[in-house]
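The values are calculated or read from the model by the stated rules, or taken from the named source; none is laboratory data. Nothing here was measured: the structure is a model prediction, and the numbers come from that model. Note that we place each Cβ from the backbone using ideal geometry, even for glycine, and neighbour counts take in every protein chain shown. Protein only, heavy atoms only, side chains kept; ligands, DNA and RNA dropped before computing areas. Shrake-Rupley method; radii C 1.70, N 1.55, O 1.52, S 1.80 Å.
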Amino acid sequence: MEENRSGRNPLGEDWFTVCQNKFKDLSSAEKLSVILSLIDMCDATARFNLLKSCSNALHCDILASMPQIALDKILGMLSVDDVLNACKVSHQWNKCISQSKFVWKKKWLEMGIGSCRDQKQYHKRDWKQDCVTAQGLYSKIDGRKALDYVLDLFNDNYGYISAMDYCNGVLVLCHSSGDGGSIFSQKGLDWSYLCSFPVAEHGYPSSVRLLASGLIVVGSSNGKVTIWNYRDIQLGSCKHQVKLNYVCHGHTSIILSVDASDDLGVVVSGSRDARVKVWSLANGICLRTFDFCSPILQVTLFSGNNSLLKDYNFLLIHSSEKIILQSWLGYQLKNWLKDDLQEECIVTDANILPGIHIKNGVLYYCSVTMIEGLQHTDFNCKCLNMQAIVGSSTLPFCSSEKVFSFQGIFRKLMQVGIVFALLIADDNITAIDIRSGTILFKEYVPYSAATSPALPQITVGVGKWLDGLLYVKQHGMVLALAIYGRNLTVISWAPSIPEFPSKED
C-alpha cells in the first residue's frame, strides 16, 4: 500500500472515517455489541490499556466540568451541612467547592456569623473556615453544651433580689434586707464581693441602672430616685466609699424604670403614677415632668453615640398601653425642656410585654395574642422612618413590619442585636434569629415568682455576640445572670466552644 510523504496511509484513514460514521448510526445495543466484540479480539495487555483509557474518559467529574455560575447556584440552594458533606466526597470536589467564595459568603450571612455591616472586613475573612467554626458552635449549642454556673455568693440576710444590673464586669444587686444594695465584680468566671451601699434607707429598691461612668441610679417603691457614685471601689471596701450624690423626690408611686445619660447629664425615671420625670445629674433637681394616662413601664434614652439619628436625641417611653418616642434637635437640654420636641405614638397595644428595643432603625417588641384558644407571643419588628418621627418627612412612621409567633408567653424581651435576640420565659432564656424567627437555643434559668414581670430578676451580659456569631469570645462572655434565692446563676458559653479567628483585631 502506497504511503504519502507524511507517512500516513490515506486509504486507512478513509476506512477509519467510514467506520466512525457507520458506528454513529448504530443503536445503543449495536454499539455495545461492537465494543464487546473488539474487546474479545484484544490480548491481556491491550485490554488493560483499553480499560485505563476508558476509565479516564468515562469518569469525567461533572462537578469539575460545571460552569462556576451554575455551581454557585446549586450550592447556594443547599444547607451548610450538605455543602460541607459535599466537600468530603473527593479532593477534586473539595477544591471546586472551597474556591466558590460567593457560596461561602452567602452561607456566612445565612448562618448569622456577621452582617452586611461587617463588609469592611470581608477581604480578611476565610469564608469556609468561618462557616466550619460556626457549624461547630451551633452543634455545641444544640447539644446543650452552654453551661450555667451556680455561685452561692449570698447569705440568708439578703432576702429577695428586687432589681439588678450588669455592666463591664460589675454586678449591682438591690435586695429586700440589709443595706439594700451590693456590688460584685467579675473576673472570668470568678465573682468577688466589693461592697454594699445603704439604698434601703431611702425605700425598697425597685429598679436600678448601672452606668459605665461609675454611677448607680436606683428607683424605689416609695417614689424616690437615688444617685450613687461607686468609682474606684476596691476589693473589701466598706459601704461608706459608695457615695450618695442625690436623693430625688417627686413621684407618688413605685418607680418601674430608670435610665441616665452622661452626654445629657440627666436621669429619667418612669413610675406607676403615669409620670416621667427628668432629673439633673449635676444637682438632683427635677427639670421636667411628662404626664401620661397609664403607668410607665420603661424609659430609655438614646443620645450621643447611641442616638437613633445624627444630631438628634430620643426618649423611648413604654406605658401599659402605648410605645411613645420623643425626639429633639441638638445636645442642649433646653430644646427638650422647653417643648421644642416631637412626640409620636409608635404603637398602641395593651398587650405589649416589658422590654422595648430599637436597633438600627428597627423597633422590636413582644405582644401577647390568642390563636385558637392558646396564648402566643408575637415577636414584632417594625422599620421606623426616623425622618418622619423627627418631623422632617410626611411619610408614615413605620415602613414595614415582620412578626414571628411562638406558643406560650415570654416574660420580657431582654436584648436585641443585628442577628439574634434574647427573650425570657418563665423557666428559660431563649435566643432567636430575628431574621427568620428560628430558635437558636433555650437554656434553663431559675426565677422567683415573687418578682413581677416588669421587674425580672434576670439581666443580660455582654451582648455584642447578638450582632453575629463572629463576636462570640470564650473569655468574659456572659449570656445572662439570674437570681433565685441565694444563688447567682451565670449562663456562659461552654469553654470548649470554638472561637473565630480574630483577623480583624
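Out of the residues in the range 362-391 that are open to solvent by less than 70 Å² (accessible area, probe 1.4 Å) and outside any strand (DSSP E or B), state the one that is nearest to ILE324 (Cα to Cα). The qualifying residue nearest to ILE324 (Cα to Cα) is ILE389. Restricting the range 392-434 to residues that are open to solvent by less than 50 Å² (accessible area, probe 1.4 Å) and among the β-branched types (Val, Ile, Thr), the residue that is farthest from TYR364 (Cα to Cα) is ILE429. Close contacts from the range 171-184, counting a first residue that is without any contact (Cβ under 8 Å) to a residue 60 or more places away in the chain and a second that is of a type in the set (A, V, I, L, M) and open to solvent by 10 Å² or more (accessible area, probe 1.4 Å), with Cβ to Cβ under 6 Å and a gap of 6+ residues or different chains, come to VAL172/VAL208; CYS174/VAL208; GLY180/ALA200; ILE183/LEU194.
Among what's in the range 212-223 and is open to solvent by less than 10 Å² (accessible area, probe 1.4 Å) and part of a loop (DSSP other than H, G, I, E, B), pick the residue that is modelled with the highest pLDDT. Reasoning before the result, please.
First pass over the range 212-223, keeping only residues open to solvent by less than 10 Å² (accessible area, probe 1.4 Å): 214, 216-220, 223.
After this cut, where a residue has to be part of a loop (DSSP other than H, G, I, E, B) as well, the list is 214, 223.
Numbers: GLY214: 84, GLY223: 92.
Out of the qualifying residues, it is GLY223.
For ASP273, the stated conditions hold: it is of a type in the set (D, E, K, R) and modelled with pLDDT of 90 or more.
If the requirement is being outside any loop (DSSP other than H, G, I, E, B), over 15 Å from LEU244 (Cα atoms), of a type outside the set (A, V, I, L, M) and at pLDDT 80 or above, which of these qualifies: SER192, SER206, SER196, SER182?
Numbers: SER192 fails: at pLDDT 80 or above; SER196 fails: over 15 Å from LEU244 (Cα atoms); SER182 fails: over 15 Å from LEU244 (Cα atoms).
Result of the check over SER192, SER206, SER196, SER182: SER206.
Considering (1) over 21 Å from VAL217 (Cα atoms); (2) open to solvent by 20 Å² or more (accessible area, probe 1.4 Å), the lone condition that TRP328 does not fulfil carries the number (2). Checked against (1) over 18 Å from VAL247 (Cβ atoms); (2) surrounded by fewer than 21 Cβ atoms within 10 Å (Cβ to Cβ), VAL276 passes all but condition (2).
Could you tell me whether any residue of the range 107-118 is at pLDDT 55 or above, on the phi > 0 side of the Ramachandran plot and of a type outside the set (A, V, I, L, M)? Scanning the range 107-118, I find at least one residue that is at pLDDT 55 or above, on the phi > 0 side of the Ramachandran plot and of a type outside the set (A, V, I, L, M), so the answer is yes. GLU3 satisfies every condition listed in (1) at pLDDT below 80; (2) assigned to a helix (DSSP H, G or I) except (2).
Read through the list (1) modelled with pLDDT of 90 or more; (2) not acidic (Asp, Glu); (3) not in a strand (DSSP E or B), then give the number of the only condition that ALA282 fails. Status for ALA282: all satisfied but (1). In the range 337-361, what residues are surrounded by 21 or more Cβ atoms within 10 Å (Cβ to Cβ) and of a type outside the set (Gly, Ala, Ser)? Once the filter is applied, which keeps residues that are surrounded by 21 or more Cβ atoms within 10 Å (Cβ to Cβ) and of a type outside the set (Gly, Ala, Ser), the range 337-361 yields ILE352, LEU353, PRO354, ILE356, ILE358.
Taking the conditions (1) over 26 Å from ILE254 (Cα atoms); (2) modelled with pLDDT under 80 in turn, TYR158 satisfies each one other than (1).
When the range 89-105 is examined, which residues are found to be under 31 Å from the mean Cα position of the chain (by Cα) and open to solvent by 80 Å² or more (accessible area, probe 1.4 Å)?
Pass one, the range 89-105, residues under 31 Å from the mean Cα position of the chain (by Cα): 97-105.
Scanning the range 89-105 gives GLN99, LYS101, PHE102.
Consider LEU75 carefully, then state whether it is open to solvent by less than 50 Å² (accessible area, probe 1.4 Å) and at pLDDT below 85. Criteria not met by LEU75.
Which of the residues spanning the range 236-294 are small (Gly, Ala, Ser) and over 27 Å from LYS412 (Cβ atoms)? If you could, list the steps in order and put the result at the bottom.
The initial filter retains those residues of the range 236-294 that are small (Gly, Ala, Ser), namely 236-237, 250, 253, 257, 260-261, 265, 269-271, 274, 280, 282, 284, 294.
Those that are small (Gly, Ala, Ser) and over 27 Å from LYS412 (Cβ atoms): GLY236, SER237, GLY265, SER280, ALA282, GLY284.
Restricting THR289, THR226, THR300 to residues that are touching a strand residue (DSSP E or B) at 6+ places or on another chain (Cβ under 8 Å), over 22 Å from HIS202 (Cα atoms), among the polar types (S, T, N, Q) and not in a loop (DSSP other than H, G, I, E, B) narrows the list to THR300. Among the residues of the range 21-35, those identified as open to solvent by less than 90 Å² (accessible area, probe 1.4 Å) and either aliphatic (A, V, I, L, M) or modelled with pLDDT under 80 (or both) are LEU26, ALA29, VAL34, ILE35.
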